[in-house]
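Colleague: Would you mind keeping the following structure in view while I ask a few things?
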Amino acid sequence: MILSEASVSKIKEKAARYPRKKSAILPALTVAYRQLGYVDEEVYRAISQVIGVPYVEIAEAATFYTMFPKKPRGRYLIQVCHNISCALLGADSLIGYLEEKLGIQKGETTEDDLFTLISVECLGSCSTAPMMQVNDDFYENLTREKVDGILQELKGKA
Amino acid sequence: MTFYSPVITNAADAAKDDRLHLFKYVEDPDQYKIATYEAHGGYKAWKKVMGGMTPQQVTDEVKKSGLRGRGGAGFPTGMKWGFVPKDSPKPRYLCCNADESEPGTCKDRVLMERDPHGVIEGMAIASYAIGCHLMFIYIRGEFGHCIERMEQAMDEAYAKGHLGKNIYGSGYDLEMIVHTGGGAYICGEETALLNSVEGERGMSRIRPPFPAVEGLYACPTIVNNVESLASVPHIINHGGDWYASLGTEKSKGTKIFSLSGHVRKPGNYEVEMGFNLKKMIYDPAYGNGILGDKKLKGVIPGGASTPFLTPDQIDVGLDYESLQTIGSMLGSGAIIVFHEDTCIVWTILKLIHFFRHESCGKCTPCREGTGWLEQIIKRIEEGGGQPGDVEKIDDICGNILGRTICPLGDAAVMPIQSAIKHWREEWQYHIEHKECLVKTKFEFK
């Protein structure tokens, strides 16, 4: 089983609260993604076993949503909002700056697997633009100086 | 985990102005804790309801308040609750819609992060009004901080007996589930949200049947926005008449506006309905004017799906009717301001990219049409515009509008149609000269 014991018990605990087991698909995918950093066919199969829902129904749901990528990404997933409110305050130049600092293009992962850079749709930080999300954390009202500091801190933690 | 959104609020105004209730304590760093929430009068409304109000009395009070949905549609909340069939033998469900993702909108997040118990209390009261014993909050998956805050608040509410079995000895049981999404704007549309809770792809459903009759698991279900539900405890505490005394004749109460874009002081501001848009943008207490003393070019008043306003239109009240009168909408209350250096084609490309990406793909006009629109608009933006492009865009828009199951199709085209109406010459210039009339180049600091 690719899912850890902790993940399995967490999924079961969540699943038990729903009136129908199919509702546990998204919570299960979320738990699996948090453990593995990706969710592929092998994981769909494991979830199917744990919650007792056919494989195809897991796959059907998982492939609709953006948060369950099939392939692992860098240790730090940098998601930059490129929608209108952030764009008005320079989101495109923020993406360019990150590309330059990390030496990769949008959509790529650094060679040391530390950073993956992508741009995404609105993350609900419109009044604190521009912003980026690194794994779970939001970084808002970004400036070049702040971005430098954040990247340095993340590299230091690695 | 970084919990606190650094967004500016007008909590200081709310602290000394009793009309402003949603933001009264949002700058108190402990407001998310149940002890602080209770010390500020929290769960008093829920106790009042449990202490002897009938579901009908609760619904009547909310009807009397005139509260309308704060997620974008503006449908009267109490009336919506009233659509749940009284004689249905099926269980009923409440889903709080916390899938906040309309570009420009960042208000529900603040309520969840900073005042999560206010949301839970509102959900509980609404649940009781419709006879629901299991309520959900659907939070977009990216809001890890909100999810943690809401789960923590839910655990506290259970521990203190505000949720669970036999609440306050009333015999009423109420359970709560925090359900998280997977990254899809469409799940903020209520029928797509219900599919998503059921473990399906987040695609919208044909109505009727409406969710109030056949929603989650084909049972009567009410879906309400976070801000709508957070308003409910205040309506119960102070009375529907009090709430109805705020705002305008038809748009009652207060509303949180998310102000973003080219203003000096972007932020979340709670004001009475009908507040003047121009004041919101220019008053030092709110937007404090346009960045870099530039000239205002346009405003999107209610989130990325609402038609643009031009500078001569902004002396208008921020309420459902006033904005409708001038051809736009209040939407979610997300005011996006842009100044003279903003190319309209560039702006529309940003918007249509979003809607093309977020179209669930169920209805052909929206799935194909948003793709065509993005392709054409991108071509124009990159200097490949052709004569007749504007007419083609207009034509595609007309063939999406009103031809889809859910409002995403309409949402995608209404800003485009208004942008062509207001700035047709700029589109033509872009096509003829293969470049922007104004050079858009926004650098972050």
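None of the figures in this text is laboratory data; all of them are computed from the coordinates on show. Computed from a predicted structure; not experimentally measured. All Cβ positions, even for glycine, are placed from backbone atoms using ideal geometry, and neighbour counts span all protein chains on display.
Colleague: Could you pull out every residue, at least 5 positions away or on a different chain, whose amide H is within less than 5 Å of the one on B:GLY261? Hs are placed 1.01 Å off N in the peptide plane, and Pro or chain starts have none.
Modeller: Under 5 Å from the amide H of B:GLY261: B:VAL337.
Colleague: Please find, in a Gaussian network model of chain A (springs between Cα atoms separated by less than 10 Å), the residue of A:TYR76, A:TYR97, A:TYR18 whose mean-square fluctuation is greatest.
Modeller: Largest GNM mean-square fluctuation: A:TYR18.
Colleague: Of B:LYS63/B:LYS107; A:LYS106/A:LYS146; B:LYS107/B:LYS255, which pairs sit farther than 18 Å apart, going by alpha carbon to alpha carbon? Mind dumping the intermediate values first?
Modeller: On the way: B:LYS63/B:LYS107 24 Å; A:LYS106/A:LYS146 20 Å; B:LYS107/B:LYS255 10 Å.
Over 18 Å Cα-Cα: B:LYS63/B:LYS107; A:LYS106/A:LYS146.
Colleague: Still on this model: Please compute the average number of Cβ atoms from other chains found within 10 Å of each residue's Cβ in peptide B:210-219.
Modeller: On the way: counts 0, 0, 0, 0, 0, 0, 3, 5, 0, 1.
The mean count of partner-chain Cβ atoms within 10 Å per residue comes to 1.
Colleague: Using the count of nearby Cβ atoms within 10 Å as a rough guide to exposure, how do A:ILE84, B:ILE206, B:ILE222 rank from fewest to most?
Modeller: B:ILE206, B:ILE222, A:ILE84
Colleague: Classify segment B:378-445: rounded, prolate or oblate, from the alpha-carbon gyration tensor (a ≥ b ≥ c, eigenvalue square roots; a/c under 1.5 rounded; otherwise prolate if a/b is larger than b/c)? Spell out each step's value before the answer.
Modeller: Values: a/c = 2.45, a/b = 1.50, b/c = 1.63.
The shape class here is oblate.
Colleague: Next up: Please report the equivalent ellipsoid semi-axes of the protein assembly as shown, computed as sqrt(5 x eigenvalue) of the Cα gyration tensor, largest first, in whole Å. Display every interim value, and only then the final one.
Modeller: On the way: eigenvalues 252, 178, 115 Å².
With the √(5λ) rule applied to the protein assembly as shown, the semi-axes are 35, 30, 24 Å.
Colleague: Each residue of segment A:66-71 in order: what ³J(HN,Hα) in whole Hz does its phi give by Karplus 6.51 cos²θ - 1.76 cosθ + 1.60, θ = phi - 60°, with x for Gly and Pro?
Modeller: So the Karplus estimates, Gly and Pro as x, are 7, 8, 10, x, 7, 10 Hz.
Colleague: Next up: When only alpha-carbon atoms are used, what values of Rg and Dmax, in angstrom, describe segment A:45-84?
Modeller: Rg and Dmax of segment A:45-84, Cα atoms, are 14.0, 42 Å.
Colleague: Here is a further query. Take every residue in peptide B:177-186, count the Cβ atoms of other chains within 10 Å of its Cβ, and give the average of those counts. Walk me through the numbers on the way to the answer.
Modeller: Numbers: counts 6, 3, 8, 6, 5, 13, 9, 5, 3, 1.
Mean partner-chain Cβ count within 10 Å for B:177-186: 6.
Colleague: Next question, about the same structure. About its Cα centre, what dipole magnitude does segment A:76-157 give when the only charges are +1 on Lys and Arg Cβ and -1 on Asp and Glu Cβ, stated in debye to the nearest 20? Can you show the working numbers first?
Modeller: Details: 6 positive and 14 negative charges, 38 e Å.
For this selection, approximately 180 debye.
Colleague: Give the separation of the Cα centroids, segment B:323-364 to segment A:110-158, in Å.
Modeller: 25
Colleague: Give me a single rounded figure for B:374-384: the average over its residues of other chain Cβ atoms within 10 Å of their Cβ. Each step should come with its number before you reach the end.
Modeller: Working: counts 0, 0, 0, 0, 0, 0, 0, 0, 0, 0, 0.
Mean shielding count: 0.
Colleague: Among A:LEU123, A:LEU29, A:ILE11, whose Cα sits farthest toward the positive end of the charge dipole of segment A:1-124 (+1 at Cβ of Lys/Arg, -1 at Cβ of Asp/Glu, about the Cα centre)?
Modeller: A:ILE11
Colleague: State, as an integer percentage, the relative contact order of segment B:254-336 based on alpha-carbon contacts under 8 Å between residues 6 or more apart. Spell out each step's value before the answer.
Modeller: On the way: 168 pairs, mean separation 27.1, N = 83.
So the answer I get is 33 percent.
Colleague: For segment B:198-278, which trypsin sites (Lys or Arg not before Pro) are in a loop by DSSP, counting at most 16 other Cβ atoms within 10 Å? Could the numbers behind the result be given before it?
Modeller: Details: sites: B:ARG201, B:ARG205, B:LYS250, B:LYS252, B:LYS255, B:ARG264, B:LYS278; in loops: B:ARG201, B:ARG205, B:LYS250, B:ARG264.
Those that pass, being in a loop and sparsely packed, are B:LYS250, B:ARG264.
Colleague: Tell me what the protein assembly as shown gives for mean residue ellipticity at 222 nm when only DSSP H runs of n ≥ 4 count, each as -39,500 (n - 2.57), the sum divided by the residue total, rounded to 500 deg cm²/dmol.
Modeller: Numbers: 24 runs with 256 residues, N = 603.
About -12500 deg cm²/dmol.
Colleague: Short version: ³J(HN,Hα) in whole Hz for each residue of segment B:334-339, in order, from phi by Karplus 6.51 cos²θ - 1.76 cosθ + 1.60 (θ = phi - 60°), x for Gly and Pro, what are they?
Modeller: Working through the residues one at a time gives 9, 9, 10, 10, 9, 9 Hz.
Colleague: Under 5 Å between amide hydrogens, which residues at least 5 positions from B:ASN276 or on another chain qualify, with H placed 1.01 Å from N in the peptide plane?
Modeller: B:LEU318
Colleague: With label points built 7 Å along Cα→Cβ from the Cα atoms of A:SER4 and B:GLN57, find their separation and express it in nm.
Modeller: 5.1
Colleague: If you line up the Cα atoms of segment B:200-292 on their principal axes, what length do they span on each, largest first, in Å?
Modeller: Computed over the Cα atoms, the extents are 52, 37, 20 Å.
Colleague: Okay, next question. Could you give the distance between the Cα centres of segment A:1-68 and segment B:23-98, to the whole Å?
Modeller: First find each Cα centre; the distance between them is then 32 Å.
Colleague: Hey, can you grab everything whose amide H is under 5 Å from the amide H of B:GLY247? Only 5+ residues off in sequence or another chain; H modelled, so Pro and N-termini drop out.
Modeller: It is B:GLY253, B:MET273, by chain and number.
Colleague: Label-point separation (nm) for B:LYS279 and B:LYS48, each offset 7 Å from Cα along Cα-to-Cβ?
Modeller: With each label placed 7 Å out from Cα toward Cβ, I get 2.8 nm.
Colleague: Sticking with this one: Averaging sequence separations of C-alpha pairs under 8 Å and six or more residues apart, then dividing by the length of segment B:314-445, give the relative contact order as a whole percent.
Modeller: The normalised contact order for segment B:314-445 reaches 29 percent.
Colleague: Still on this structure, please answer the following. For segment B:163-191 and segment B:382-445, what is the separation of their Cα centres, given in Å?
Modeller: What the calculation gives is 40 Å, centre to centre.
Colleague: Provide the per-residue ³J(HN,Hα) series for segment A:124-141, in order, calculated from phi with Karplus coefficients 6.51, -1.76, 1.60 and θ = phi - 60°, each as a whole number of Hz, with x at glycine and proline positions.
Modeller: Taking θ as phi minus 60°, the curve returns x, 10, 5, 8, 10, 7, x, 9, 8, 10, 10, 6, 8, 8, 8, 10, 10, 6 Hz for segment A:124-141.
Colleague: Among B:CYS219, B:CYS146, B:CYS187, which one shows the biggest mean-square fluctuation in a GNM of chain B, springs joining Cα atoms closer than 10 Å?
Modeller: Highest fluctuation of the listed residues: B:CYS219.
Colleague: May I ask which residue of B:ILE235, B:GLY164, B:ALA39 lies farthest towards the positive end of the charge dipole of segment B:11-244, with charges of +1 (Lys, Arg) and -1 (Asp, Glu) on Cβ and the Cα centre as origin?
Modeller: Of the listed residues, the answer is B:ILE235.
Colleague: While we're on this one: Normalising by the residue count of chain B, find the relative contact order in percent from Cα pairs under 8 Å and 6+ residues apart. Walk me through the numbers before you get to the answer.
Modeller: Working: 920 pairs, mean separation 71.3, N = 445.
Relative CO of chain B lands at 16 percent.
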